[in-house]
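Worksheet: one structure, shown below.
The values are calculated or read from the model by the stated rules, or taken from the named source; none is laboratory data. Computed from a predicted structure; not experimentally measured. Virtual Cβ from ideal backbone geometry, glycine too; neighbours counted across all protein chains shown. Please note that ligands, DNA and RNA were not included when accessible areas were found on the heavy atoms of the full protein model with its side chains. Shrake-Rupley method; radii C 1.70, N 1.55, O 1.52, S 1.80 Å.
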Amino acid sequence: MEIIGAVAQLFFFFGALALANTLWAYYQSPIKKIPGPFLAKFTNLWRFFDNWGGRPELTHQLLHAKYGSAVRLGPDLVSLSDPALMRKIYDSRGQFRKTEFYSVNDAKVGSTIISNVFSTRSNADHTQKRSLLTQFYKMSHLLKSESLVDDTIDSFCKHLDRFADEGTVCKMDEWLLFFAWDVISQLTFSRPMGFMDEGKDYSGLLGTADKALDYFSVIGQIPALDKWLAKNPIMPIGPPSFDAAAGFCAQQSISRQQAGEKTEGKRDMLDDFLQLKKQNPLTMDDNGVIGAVLVNVLAGADTTAIVLRAVVYYTLKNPIIYRKLQQELDDANLTAPLAYAAVSKLPYFDAVIRESCRFHPGVGLLLERIVPDTGLQLADGTFLPAGTKVGMNPWVIHKNKTIYGQDAESFRPERWLRNEEGGETDEAYAERLATMKRNDLCFGTGKRVCIGKDISIMEMYKTMATLFKNYEMNLVDPEKEWHVQNSWFVRQTGINVKVQRRKPIIA
Ligand code: HEM
């Protein structure tokens, strides 16, 4: 009994100490005045459970509507929605470094922790990792491999033809995902992953990717937990690892090197990375090549599928937008395969894609950064000292009415075009457009902007133009809402579509 009493006293003592510590931290906090949920002022558990709930982007929007442009989401974390701060927080030099949230995305191989170009928090390491690769992700370079995307679009159309001919329902959310994984694999290795041919997640890779993201988004709210869970050296507890994907990438790299230089066929990104290794053996070794192709595979598919789904869903939900889009595509005299250069010049189509990216951005959490030594002054004069964590959520900034207008909550592609009826001048339109583009966080911005942006853009424009030109699509139940789950990537399910063939494009 005495022992139990002593243990109880010890618990009480440490409990009281922890409480006193929390209260002291609260009263001393330099960001005490910033409004936010009561519990979030004391503990990160608040945001941990909010993320667990699966729709933190909605919570963030509601909180900003209630409290204004600065909301405290944790003891030392402030969510911001102020266009004036965009270029400051996400500058081209990376003065505001990424927070520990991103380290949860590091891989653990044996006892070694390996960061990647997305997860690294060191500017020097990031520059070293990214500078070699950037050249291969530029649109001018990617357009040389456009035919690899055409091949995958062709396969996609064959599957859609089958749905049309059989009159069966196409689960478009799944098929766009299969397609996106096959495209990125085609661009990287000149071969699809095979998800479309199998018509299912035959390798379990897609399920694994979802679980890894569920872990990343929730545990990332209290990154210290990761050291006890997935990065725990004794018995790791966490999502299934990407060993299978890494193995696939390693195998592709080895067989390509064993087969010697490709003399025929299309050049892909693995060729680019191996060439880089030859030219810079000190900075790009075999692991570097595998890491680079792995980033493509893991970061390039889910994200693009999300935007593709948004384009299809919102267009089908809005018949007037659908008809306008189809009319523009029909009038455009396009020839197959649809070239990126041709479809990216169609103004209404371009507006639909931009609006989809704005309305349903692929990433739905704060792009967290640490305030540097200079501190950060907010519009109302509040000063955030060095070390405070800040960030903007694309879902919040994209619905900001000062940037996107009073109807920012509606899906309206026309906002990207000049308002001729309203008498908008060219100058006024140019300024409004520049403001909207400057605050577009779909792909992030500044030093850590998405490296794969141009891949996705090429893929989205070509695929969506082909789909809307070649097929008449209808939602099986136009009243039904899709299901959304925010695990950093804001994934959607439940887009059931009936597909009919239209007059095919002339080659
Ligand atoms: C529609 C598709 C995509 C969306 C919405 C998207 C979104 C984003 C966002 C918001 C960021 C910034 C993260 C931050 O600042 O915290 C980012 C970074 C990144 N993305 Fe993407 N992405 C897409 C496609 C791709 C593709 C195709 C690839 C690779 C082939 C890719 C690879 C990366 C990498 C490596 C980073 C980190 C860049 C750095 O820190 O330097 N993404 N992406």
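Within region 218-253, the residues that satisfy the criterion of being among the charged types (D, E, K, R) and either under 22 Å from the mean Cα position of the chain (by Cα) or at pLDDT below 90 (or both) are D226, D243. Filtering region 343-387 to residues that are open to solvent by 40 Å² or more (accessible area, probe 1.4 Å) and among the hydrophobic types (A, V, I, L, M, F, W, C) leaves A379, F383, A386. Scanning region 269-277 for residues that are of a type in the set (K, R) and either touching a Gly at 6+ places or on another chain (Cβ under 9 Å) or within 15 Å of the ligand (Cβ to nearest atom) (or both) turns up at least one hit. Just checking, does region 487-504 include any residue being buried (at least 22 other Cβ atoms within 10 Å of the Cβ), within 20 Å of the chain's Cα centre (by Cα) and within 14 Å of D330 (Cα to Cα)? No. Output the residue which, of all residues in region 278-316 that are open to solvent by 10 Å² or more (accessible area, probe 1.4 Å) and hydroxyl-bearing (S, T, Y), is nearest to the ligand (Cβ to nearest atom). Across region 278-316, the extreme among qualifying residues is T303. With respect to (1) open to solvent by less than 40 Å² (accessible area, probe 1.4 Å); (2) polar (S, T, N, Q); (3) more than 28 Å from V363 (Cβ to Cβ), the lone exception for T168 is condition (1). Scanning region 89-111 for residues that are away from the ligand (no atom under 12 Å from the Cβ) and either touching a Leu at 6+ places or on another chain (Cβ under 7 Å) or at positive phi (or both) yields one hit, G110.
When N419, N439 are checked against the criterion of being more than 9 Å from the ligand (Cβ to nearest atom) and open to solvent by 30 Å² or more (accessible area, probe 1.4 Å), N419 stands alone in meeting it.
Return yes or no: is G265 away from the ligand (no atom under 16 Å from the Cβ), out of contact with any helix residue (DSSP H, G or I) (no Cβ under 7 Å at 6 or more places or on another chain) and closer than 30 Å to L467 by Cβ? In short, yes.
The condition of being outside any loop (DSSP other than H, G, I, E, B), more than 16 Å from the ligand (Cβ to nearest atom) and modelled with pLDDT of 95 or more holds for only one of E355, E427, E409, that being E427.
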